[in-house]
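*Asks:* One structure, pasted below without further comment.
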Amino acid sequence: MSKEQVFLLPDVGEGLTEAEILQWAVRVGDSVEINQILVEVETAKAAVELPSPYAGVVGTLHAPDGETLPVGEPLITILGDASDTPDATDPPAAYTDMATASDREALLVGYGPQEGGGRRRRRRPGAPPSPTPVQAPATERTAAKPPVRKLAKDLGVDITTVTPTGPVGTVTRDDVRRAAEAGLVAAAAPKPRTPEPAAETRIPIRGVRKHTAAAMVASAFTAPHVTEFMTVDITATMRLRDTVAARREFRELRVTPLLFLARALLLALRNTPEANASWDGSTQEIVLKHYVNLGIAAATGRGLIVPNIKHADRMSLRELAEALAALTSTARDGRTTPQSMMDGTITITNVGVFGVDTGTPILNPGEAAILALGAIRRTPWVVTDASGTEKIEPRWVTQLALSFDHRLVDGQQGSQLLADLAAVLHDPGLAML
């Protein structure tokens, strides 16, 4: 008899309890190798690709796309070698016999069931029923990651007609673009008469969005928020940005105002380290952090996430620019890892990219402060020259909003941090002091 090796859904973060199946990269009967990508799942923190801990042939997929599994539940059964391809007459033993669970190897972080176990959650509305080994090949969708599917939709390409060239038969972005250029656009079917729009639409809250909603509610009702605002003339910083962007070592990087705001915040924290701290409720202590893991809030298709730049306070301006570019690109492509969102110490959210002047940011749970950058606009501004004469000039102006936890940061400390930050942005030469 063939050897069945059952791969359980691992904990791919710290303390996660479940994950949703986004996209299988293999089908029943496929040969797989160790570390080959099997499936993409979405946890409460990010979308993650899971590699295979075994080599062999896919025997059973234990859940379809769209189903949510508890950590420790069977995910996939892999048969011992390529000659063990399942026969259509074989019973789905993987559903009834889990005796091979003791043979599993803990190859991934947090691998294995949690105490208390847990039953599989029902599928989200519209998801297909769980396939049997015989049904699975017929019910598998075209293998493609969510960003690729979105690109196909945007270009009007029927993804099922695209010839895949990616690993294990997956459709890539280039495949979709080639199909669009070749005119392989699915013919539009005659549209039926448009029915009356529904009075309501219900959207299931899951994954990152569910985690964010719970975390924000907990933060808002646990930490006593205080928010202060300041309008700043940052014309000198904008000139500095143009100067830096023209330098040879920065020419291949995108030099943005956010880079200089981040740098100014890191400098200002030296005078107010209390804003880079956390509250330990179990011991009633303030924990000052002697490092800065700078979080950058990023809006993605799956919701708001806050990956952070580890030890940002140790970086040069170029290193910080590279880290911001990598963070942004990774978040946009949906490849942010749970590890990159852990252990943040302070956060920046750039609401200005949406044309918003300011707002009241809610603290990222476990942090003492969050800074919002508003839209940067050309604004009439009263300027005093060296002789003391006042005149009105067009200047680059923005609004900053700083929210802080009043248990850790008092009003004087919060005001000092915001004032120091604004002073550096108004006159970057102060950073030399």
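The values are calculated or read from the model by the stated rules, or taken from the named source; none is laboratory data. None of the values given here were measured: they were computed from a predicted structure. Every residue, glycine as well, gets a Cβ built from its backbone with ideal geometry; the counts of neighbours run over all protein chains shown. In case anyone asks, the SASA skips ligands and DNA or RNA and just uses the protein heavy atoms, side chains included. Shrake-Rupley method; radii C 1.70, N 1.55, O 1.52, S 1.80 Å.
*Asks:* Among the listed residues 402, 417, 421, which satisfies the condition of being part of a helix (DSSP H, G or I) and more than 17 Å from residue 240 (Cα to Cα)? Walk me through how you get there before you give the answer.
*Replies:* On the way: 402 fails: part of a helix (DSSP H, G or I); 421 fails: more than 17 Å from residue 240 (Cα to Cα).
So the residue among 402, 417, 421 that is part of a helix (DSSP H, G or I) and more than 17 Å from residue 240 (Cα to Cα) is 417.
*Asks:* Based on what the data block shows, is residue 217 without any contact (Cβ under 8 Å) to a residue 60 or more places away in the chain and either open to solvent by less than 30 Å² (accessible area, probe 1.4 Å) or farther than 16 Å from residue 400 by Cβ (or both)? Give the steps one after another, and end with the answer.
*Replies:* On the way: without any contact (Cβ under 8 Å) to a residue 60 or more places away in the chain: yes; either open to solvent by less than 30 Å² (accessible area, probe 1.4 Å) or farther than 16 Å from residue 400 by Cβ (or both): yes.
Against the criterion (without any contact (Cβ under 8 Å) to a residue 60 or more places away in the chain and either open to solvent by less than 30 Å² (accessible area, probe 1.4 Å) or farther than 16 Å from residue 400 by Cβ (or both)), residue 217 qualifies.
*Asks:* Name the single residue, out of those in region 219-237 being modelled with pLDDT under 95 and either of a type in the set (Phe, Trp, Tyr) or assigned to a helix (DSSP H, G or I) (or both), that is farthest from residue 275 (Cα to Cα). Give the derivation first.
*Replies:* Going residue by residue through region 219-237, those that are modelled with pLDDT under 95 are 219-226.
When the remaining residues are screened for being either of a type in the set (Phe, Trp, Tyr) or assigned to a helix (DSSP H, G or I) (or both), the result is 219-222.
Values: 219: 16, 220: 17, 221: 19, 222: 17 Å.
Per the stated criteria, the residue is 221.
*Asks:* Now, a different point. Would you please name the residue that is least open to solvent (accessible area, probe 1.4 Å), looking only at residues in region 76-96 that are at pLDDT below 85 and of a type in the set (Val, Ile, Thr)? If you could, list the steps in order and put the result at the bottom.
*Replies:* From region 76-96, those at pLDDT below 85 are 80-96; that's our starting set.
Subsequent filtering for residues that are of a type in the set (Val, Ile, Thr) retains 85, 89, 96.
Numbers: 85: 76, 89: 115, 96: 120 Å².
If we take residues in region 76-96 being at pLDDT below 85 and of a type in the set (Val, Ile, Thr), then 85 is least open to solvent (accessible area, probe 1.4 Å).
*Asks:* Let me confirm something: among 378, 332, which residue is at pLDDT 95 or above, basic (Lys, Arg) and open to solvent by 30 Å² or more (accessible area, probe 1.4 Å)? If you could, list the steps in order and put the result at the bottom.
*Replies:* Numbers: 332 fails: at pLDDT 95 or above.
None of the others qualify; the one that does is 378.
*Asks:* Follow-up. State which residue is nearest to residue 219 (Cα to Cα) when the search covers only region 289-309 and only residues that are open to solvent by 70 Å² or more (accessible area, probe 1.4 Å) and at pLDDT below 95.
*Replies:* Filtering first and then ranking leaves 304.
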